[in-house]
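Input: a single structure, listed below in structure tokens.
The values are calculated or read from the model by the stated rules, or taken from the named source; none is laboratory data. Treat the numbers as computed from the prediction; the structure is a model and nothing was measured. Note that we place each Cβ from the backbone using ideal geometry, even for glycine, and neighbour counts take in every protein chain shown. Heavy atoms of the whole protein, side chains included, go into the accessibility calculation; ligands, DNA and RNA do not. Shrake-Rupley method; radii C 1.70, N 1.55, O 1.52, S 1.80 Å.
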Amino acid sequence: MQTFNYHTHTVRCGHAVGDDEEYIKHAIQAGFKTLGFSEHLGYDGWDDPQERIPFLEVDAYFQRMYELKEKYKDQIDLRVGVEFEFFEDQLAYLKDVKQRCDYMIVGQHARNFDHYYDHGCNDEDVDFMAEQVIRALDEKLTKYVAHVDYFMLGKDDFNSRNAQAIARICDAVNRNDAILELNLKGMKYGKKIYPTGMQYMYPHYDVFKIIADKGCKVVFGYDAHHPKVLLERNLEEKALEEMQGLQLHFVDSLEL
Ligand SMILES: [Zn+2]
Ligand SMILES: [Zn+2]
């Protein structure tokens, strides 16, 4: 089982529950050595009480997490981070945020402030998403790509053009010595029928086949929105069963 998890939320985003310290205590109980908090980053002009931390509360979040990092330092290695979305016009802001925390993971859910990929996603959107993720990597904002297959929530098929977009992301991951996440939360959305058979929307087998072929480094991300999720260690095995036949290059330690 993985001894680290860099993908954890808190009550601040409005769609997660539980006290900060409950997440930490569950992580210790579950045998994690490193726990990274990666709350959904707030943006000026994009407040939504059910999606992400309010823009004006980002610093208070960092401050509290650094206090907890100190408080629990003898029991677990806490890391203070955010899950961010890349938008070209937010580059200066994102670079500034990077200075204020330990790490950032890119979790691209949206094309812009109005269009979320899970609400409908065409091939051109997938290409656009790929560019956003590649820019985030090449700008050195992150070395961790969360749920690269998230867009499948808004799409009925995974075609050759989408495969090329994923391959471009894989190349950017490799040239930046970054990693891709196999997201364990995605299985909760259930399976759908595709031309290739029944599959989870994400983590999506056809996407991970490309990731395996490209030899990218992979880690599990619990994407915990409830403290108890950190105790569900069987999710790793369940996900591996889904990825049967793929030579995925899991790493056993990760520094971001
Ligand atoms: Zn979330
Ligand atoms: Zn997340």
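Modelled this way, with points 7 Å down the Cα-to-C-beta line, the labels at Gln29 and Tyr194 are 3.5 nm from one another. Taking amide H atoms as placed 1.01 Å from N in the peptide plane, the amide H of Glu39 lies under 5 Å from those of Gly81, Glu83, each 5 or more residues away in sequence or on another chain. List the lysines whose Cα lies under 20 Å from the Cα of Lys71, skipping any in the same chain that are fewer than 8 positions away. Answer for Lys71, where 20 Å is the Cα cut-off: Lys25, Lys33, listed by chain and number. Taking θ as phi - 60° and the Karplus parameters 6.51, -1.76 and 1.60, the scalar couplings of the stretch 78-94 work out to 8, 10, 9, x, 9, 9, 10, 10, 8, 10, 3, 6, 10, 4, 4, 4, 5 Hz in sequence order, x denoting glycine and proline. For the stretch 4-250, averaging the sequence separation of C-alpha pairs within contact (under 8 Å, six or more residues apart) and dividing by the residue count gives a relative contact order of 20 percent.
Spin-label model, Asp48 to Tyr66: label points 7 Å out along the Cα-to-beta-carbon direction sit 3.0 nm apart.
Per residue of the chain, the DSSP helices (runs of n ≥ 4 H) give a summed -39500 (n - 2.57) that works out to -10000 deg cm²/dmol at 222 nm.
Structural size metrics of the stretch 1-153, computed from C-alpha coordinates, are Rg and Dmax of 15.5, 48 Å.
For Met243, the solvent-accessible surface computed with a 1.4 Å probe is close to 10 Å², ligands and nucleic acids excluded.
Amide H neighbours of Lys217 under 5 Å, counting only residues 5+ apart in sequence or on other chains, H built in-plane at 1.01 Å? Those qualifying (amide H under 5 Å, at least 5 residues apart or on another chain) are Leu180.
Summary of the geometry: the stretch 156-203 and the stretch 22-74, compared by the centres of their Cα atoms, lie 27 Å apart. Rounded to the nearest Hz, the phi-derived 3J(HN,Hα) couplings of the stretch 149-163 under the Karplus curve 6.51 cos²θ - 1.76 cosθ + 1.60 (θ = phi - 60°) are 9, 4, 4, 5, 4, x, 9, 9, 9, 10, 10, 5, 5, 5, 4, where x marks glycine and proline. Note on Lys192: lysines with a C-alpha under 24 Å away, same-chain residues under 8 apart excluded, are Lys155, Lys209, Lys238.
Using a cut-off of 20 Å between alpha-carbon atoms, which aspartates and glutamates can reach Lys191, once sequence neighbours fewer than 8 places away in the same chain are excluded? Cα-Cα hits under 20 Å: Asp118, Asp149, Asp156, Asp157, Glu181, Asp206, Asp223, Glu232, Glu236, Glu237, Glu241, Glu242. Counting only protein heavy atoms and a probe of 1.4 Å, the accessible surface of the chain is 49% carbon and sulfur. Overall shape of the stretch 139-203 was characterised from the C-alpha gyration tensor. The equivalent ellipsoid obtained from it has semi-axes of 24, 15, 8 Å, in decreasing order.
Taking only protein heavy atoms into account and a 1.4 Å probe, give the accessible area per residue of the stretch 4-250 in Å².
Values: 10400 Å² over 247 residues.
Computed with neighbouring chains in place, this is 42 Å² per residue.
Extents of the chain, taken as max minus min of Cα coordinates on every principal axis and listed largest first, are 50, 39, 32 Å.
Report the calculated FRET efficiency for Ser253 and Asp96 (r = Cβ-Cβ distance, R0 = 35 Å), to the nearest 0.05. Don't skip to the answer; put the middle values down first.
Details: r = 29 Å, r/R0 = 0.82.
FRET efficiency, Ser253 to Asp96: 0.75.
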